[in-house]
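Following: one structure in structure tokens, then a few remarks.
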Amino acid sequence: MNFSIKQYKSHIILFILLFGLVGGYVILASRAAQEPLATNVTCTDGLLNNPSFPAGYETARIPNTLQPAPANVNAQIKIYVSKFCGDDLNSGLTQLTAKKTVAKAIAATKTNGTTSSTFAIFIDSGVYRENLGDIDRSITLQPQPGKTVWISGSDQHISWTKMSGRTVWQKSIQLSNNQLCQGCSPAEAIGSDPNDNVITLQDNSAMVFIGGVPLKQVATLDQVIAGTFSVVRTSPYLVTDATTPHTYSYYIGDDPTGKNVEITTRISAGRIRANNVTIRGIGIRNFGSNYNFCKSCTAATRPAQAAQLVITGGISGFTLHESFVGFSASDGLNFAGDSTKTHNHILTKNRITNNGHRGVSGNLINGLTINNNRFDANNRERFRYVASSYATAAGLKITTSKNIRFDSNIVENNFANGFWCDIGCFDVDITRNSFRANARNGIHYEISAKGNIVSNTIVGSQDRGISIGGSGDPDDVNKGVQIYNNTIIGSQTSALYVYQINAAERSNTSRCNNFNSVVCITGNVNVVNNYFTNIGYTNSQRPMVIIDGNYLTPAEIVRTVNNNLYYEASGTCTNVRKLMSWKSSTNTKTACTIGEIRTITVSKEANGLQAASSVQGAITSDYKLASGNIGIGMGALIPAVLTSTYSWLPTSAPNIGIVH
């Protein structure tokens, strides 16, 4: 049939208009939980009007988006980004000529200024689904004031297909090995938790989110039910080929209609490779980093997939401030240090949560200040944290590092140790923190020296409140461990466990390597002014305080134990539920009363106290001593070496327990 386009022009135009309107409606309806469409965007002065965000990217998750205005930021060159109002062909040098992606703005720092220039990148509201690459200029990265900025490792996926005869929906996508890592965890690292029902496949970095909530990964399609997903590779997997795409079929057990369904497609947010980089007020989430963090790598070649964000070893002055780091498949942040450098990194006022392995990890760091952060629900993937050389999971774990200041943080509900310093930590302050309901020890200070553990609240640890092993130095009082004025409540085993590691472990040169002059022998540990109680967990079958000399005597590993307050809240002292155990390789003595402690230790706890009633042992809701508590004003004077370091410590006789 012959016809003239001109003849049917009006019909075609009408069809296009109708299709556009209907099509627009369908798209908007199917993406009710999705990000703004370009066709719906309006901008004023280069900034997006009325931004909206899918579930999981709420502004409230980020500690503070009210960052300084560009005019108040000191930087030689300022670059602007707007996902919806910018264009990567723009220069980015003004708000009206903004770049579209953060990665292109970072790349622009290499074509503007010099290697010594300072840069600031100001980002408009949006979820930026991208890898930032290597940051190798001194950059401040922040949102425009009051704007909400997320860097995400996942992409939104609609158009899932319901499988016949199953309450399962399927979608196939292509990913390369540098987007999804399978088999990336040593078998020894894969743990299990018999008391928990959300074990995931720890050797696989695949993740699926619905409404910002991660689904549990199961091994096979037949196991998929609501709240779970499975992924099946449907093409050959070339382990050595990082870039060839492979087809993966994802199966979810929840109806995706009208929901924000996301699949992780990027391994890392990037690497920090320049001095004096600052990130503030930004959310980073959903990257598929993996446990296989390349122990043999040098600081310069450590792979970016070790964590969502890797801070390489040769640089100094990195600051992360008022930001969110969460839902990584492995670590949230990794500091890959260098023992020859002074780093002076800072983490302050951040939320670090729900990372698959550790919230923060670091090695060979010299200078790290961590204050006023919240670390919670890390080791979400339940990697091993006991009884293995691969047991490294924690809210945060630092190794072979010095000059660490850990102050005024909240560390809670991590599925492992809270804070773990190991294998050569030296000169570490752990002060004024709150540790709550961590699945192993609140504080674990192991094979380290010169540690100050002062005025921390440790509540509901599922193992020990404070654990000190192979730490201090019996021949040097200046390298000992000071445990002063902590309040330890309701630990499921012991409030405090001080022990000497065994001879076999001492001979393990990979752990006892004399780094930072750590000798792997517990000694010169002082335990003073602490409040120990099993309030909240009175079923413990261990003494509240255990001093275990192993092949040494307990008197050789602790120097001072005095002015501590013990409250056995159950009111019962049985054969195993004691106030103290005093152990050597040949003899174990236990005590039910403060008088018995003085007897078995010969000279300890001359001024120690034992609460005989709930009034004498009473505490307030913020874990300070309540009226009637016999520990009020009964602490020993705190040594000048501590009061001169921490101005908030009292110089007169303090209360027992926390004093901040």
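Data overview
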read-out: ARG577 among the basic types (Lys, Arg) and either in a loop (DSSP other than H, G, I, E, B) or open to solvent by less than 20 Å² (accessible area, probe 1.4 Å) (or both); value: yes
read-out: Pair list, Cβ < 8 Å and 6+ apart or interchain, from segment 268-284 residues that are open to solvent by 30 Å² or more (accessible area, probe 1.4 Å) to residues that are assigned to a strand (DSSP E or B) and charged (D, E, K, R); value: ARG271/ASP134; ARG273/ASP134
read-out: Condition check for ARG506: open to solvent by 50 Å² or more (accessible area, probe 1.4 Å), more than 21 Å from GLY362 (Cα to Cα) and under 28 Å from the mean Cα position of the chain (by Cα); value: no
read-out: Boolean, THR340 is within 18 Å of ILE315 (Cα to Cα) and either without any contact (Cβ under 8 Å) to a residue 24 or more places away in the chain or in contact with a helix residue (DSSP H, G or I) (Cβ under 8 Å, 6 or more places away or on another chain) (or both); value: yes
read-out: Complete set of residues in segment 613-660 that are open to solvent by less than 30 Å² (accessible area, probe 1.4 Å), under 16 Å from TYR484 (Cβ atoms) and in a loop (DSSP other than H, G, I, E, B); value: GLY631, GLY635, ALA636, ILE638, TYR646, LEU649, PRO654, ILE656, GLY657, ILE658
read-out: Meets criteria (over 21 Å from ALA612 (Cβ atoms) and not in a loop (DSSP other than H, G, I, E, B)) for ILE521; value: no
read-out: Segment 21-66 - residue that is modelled with pLDDT of 90 or more and of a type in the set (Val, Ile, Thr) and, of those, nearest to ASN286 (Cα to Cα); value: ILE62
read-out: Single residue of segment 542-574 satisfying the filter (of a type in the set (Gly, Ala, Ser) and part of a loop (DSSP other than H, G, I, E, B)) that is least open to solvent (accessible area, probe 1.4 Å); value: GLY549
read-out: Answer residue from segment 580-612, given it is among the small types (Gly, Ala, Ser) and open to solvent by 60 Å² or more (accessible area, probe 1.4 Å) and is farthest from PRO554 (Cα to Cα) among those; value: ALA612
read-out: Residues of segment 457-482 satisfying the condition of being of a type outside the set (Ser, Thr, Tyr), in a loop (DSSP other than H, G, I, E, B) and open to solvent by less than 20 Å² (accessible area, probe 1.4 Å); value: GLY465, GLY470, ASP473, GLY480
read-out: Qualifying positions in segment 446-456 - open to solvent by 10 Å² or more (accessible area, probe 1.4 Å) and of a type in the set (S, T, N, Q); value: ASN452
read-out: Leading residue by the ranking (nearest to VAL41 (Cα to Cα)) among those in segment 81-126 that are free of Cβ contacts under 8 Å to residues at least 24 places away in the same chain and open to solvent by less than 40 Å² (accessible area, probe 1.4 Å); value: LYS99
read-out: Residues satisfying the stated conditions in segment 454-485, i.e. under 21 Å from VAL641 (Cα atoms), free of Cβ contacts under 8 Å to residues at least 60 places away in the same chain and of a type outside the set (A, V, I, L, M); value: SER471, ASP473, ASP475, ASP476, ASN478, LYS479
read-out: From the options SER159, SER164, SER138, SER172, residue that is of a type in the set (S, T, N, Q) and either more than 25 Å from TYR250 (Cα to Cα) or surrounded by 21 or more Cβ atoms within 10 Å (Cβ to Cβ) (or both); value: SER138
read-out: Residue match in segment 400-414 (condition: assigned to a strand (DSSP E or B), closer than 28 Å to THR533 by Cα and open to solvent by less than 10 Å² (accessible area, probe 1.4 Å)); value: yes
read-out: Only one of ASN539, ASN452 that is assigned to a strand (DSSP E or B) and out of contact with any Gly (no Cβ under 9 Å at 6 or more places or on another chain); value: ASN452
read-out: Long-range neighbours under 8 Å by Cβ, at least six apart or interchain, first residue more than 22 Å from SER621 (Cβ to Cβ) and at pLDDT 95 or above within segment 486-501, second of a type in the set (Phe, Trp, Tyr) and not in a loop (DSSP other than H, G, I, E, B); value: LEU496/PHE532
read-out: Every pair of residues 6+ apart whose Cβ atoms lie under 6 Å, when the first sits in segment 127-156 and is on the phi > 0 side of the Ramachandran plot while the second is outside any loop (DSSP other than H, G, I, E, B) and surrounded by fewer than 23 Cβ atoms within 10 Å (Cβ to Cβ); value: GLY133/ALA103; GLY133/GLY270
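Here's the yes/no breakdown for (1) over 25 Å from ALA653 (Cβ atoms); (2) among the aliphatic types (A, V, I, L, M); (3) touching a His at 6+ places or on another chain (Cβ under 7 Å):
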{"residue": "CYS573", "(1), (2), (3)": "yes, no, no"}
{"residue": "LYS589", "(1), (2), (3)": "yes, no, no"}
{"residue": "ILE600", "(1), (2), (3)": "yes, yes, no"}
{"residue": "LEU642", "(1), (2), (3)": "no, yes, no"}
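The values are calculated or read from the model by the stated rules, or taken from the named source; none is laboratory data. Everything numeric in this text was worked out from a predicted model, so none of it was measured. In this analysis, Cβ positions are derived from the backbone assuming ideal geometry, glycine residues included, and neighbour counts consider all displayed protein chains. These area figures cover heavy atoms from the full protein model, side chains too; ligands, DNA and RNA do not enter into them. Shrake-Rupley method; radii C 1.70, N 1.55, O 1.52, S 1.80 Å.
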